[in-house]
1. Given 37 °C and 0.692 mPa s, how large is the Stokes-Einstein diffusion coefficient of the range 72-180 in µm²/s, with Rh as the Kirkwood radius over Cα pairs?
2. Rounded to the nearest whole Å², what accessible area per residue is found for the chain with the 1.4 Å probe?
3. Please state the relative contact order of the range 35-153 as a whole percent: Cα pairs under 8 Å, 6+ residues apart?
4. Just to be sure I understand: with springs between alpha-carbon atoms less than 10 Å apart, which residue in 11, 100, 75 has the highest mean-square fluctuation in the Gaussian network model of the chain?
5. Out of 215, 40, 160, whose Cα points farthest toward the positive end of the dipole of the chain (charges: +1 Lys, Arg; -1 Asp, Glu; placed on Cβ)?
6. Rg and Dmax of the chain over Cα atoms: what are they, in angstrom?
7. Below 8 Å, C-alpha to C-alpha, sequence gap of six or more: please give me the relative contact order for the range 97-182 in percent.
8. Compute the relative contact order of the chain as a whole-number percentage, counting only Cα pairs closer than 8 Å that sit 6 or more residues apart in sequence.
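The values are calculated or read from the model by the stated rules, or taken from the named source; none is laboratory data. Since we're looking at a predicted model, the values are computed, not measured. Cβ atoms come from the backbone with ideal geometry, glycine included; neighbour counts cover every protein chain shown. Surface accessibility is based on the protein's heavy atoms, side chains included, excluding ligands, DNA and RNA. Shrake-Rupley method; radii C 1.70, N 1.55, O 1.52, S 1.80 Å.
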Amino acid sequence: TRTTRPQRLLRAVIINAVRGDPDSVIRAIDHFCKHTEWAMNIGDEKGAILDSVVMETSPSTVLELGTYCGYSAVRITRLLPPSTRLITVEMNPDYACVARQVIQHAGLQDKVCVLEGQSADLIPKMAEMFGIQTFDFVFLDHWKDRYLPDIRLLEDCSLLAQGSVVLADNVVCPGTPDYLNYIRSNLNYRSRFYQAHLEYTRVLDGLEKSEYLGCRQGKRQ
Ligand SMILES: Nc1ncnc2c1ncn2CCOCCNC(=O)c1cc(-c2ccc(F)cc2)cc(O)c1O
Ligand SMILES: [Mg+2]
């Protein structure tokens, strides 16, 4: 049977990227997506915004929802201090398998845990599984209609602390209107929109960064 797009992306990484060099893995994927085959990685333009938010947050505990081929896992993890780990959740086993190999090619396999399963099932088990209390940084990049239920679930599981940062991809394209409405009208968050473009295209897209302010009452009128 024909290969899948993630398998063709992985082959491009193995052929073109230097093993153990995360930046060459990022460059190889962006080149593949620009010149060979589009794929739904955050990409270089939005990726640079992701980098800057990770660096300004300098998180100790990081959660990513929606691994796909591991591109953003490599982008995030290459910026983390040695003792920090990324937990990334992917429900598609074929994507997870490719992501583990991309992450390994980048030499970051000891710093990333790729969990297979539905975010809704795994979030309530995170604290117990990893012996953590809260996440300093959360990156949302999975099903766009899961952003809102999952941010609520993170709140209900007390996995956000004052100062935690949540960064959401694709808030314009494909779009996450219910999430944006919730997070922008909620006094427990301070949000900022970063205008950009859908990866490897001229279509408008953007990222929404939201800082959790702790649990205050009420909604903005
Ligand atoms: N743990 C979990 N729990 C639940 N669900 C989960 C999960 N883990 C994975 N999944 C399944 C969803 O995985 C992929 C999600 N990402 C996207 O769908 C996406 C789509 C586009 C896009 C496509 C076509 C266009 F024309 C224009 C834009 C662009 C992007 O940047 C995207 O990120
Ligand atoms: Mg995305």
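1. 223
2. 47
3. 29
4. Looking only at 11, 100, 75, the largest GNM fluctuation is found for 11.
5. Most positive-ward Cα: 40.
6. 16.7, 56
7. Reported relative contact order: 29 percent.
8. Relative CO of the chain lands at 19 percent.
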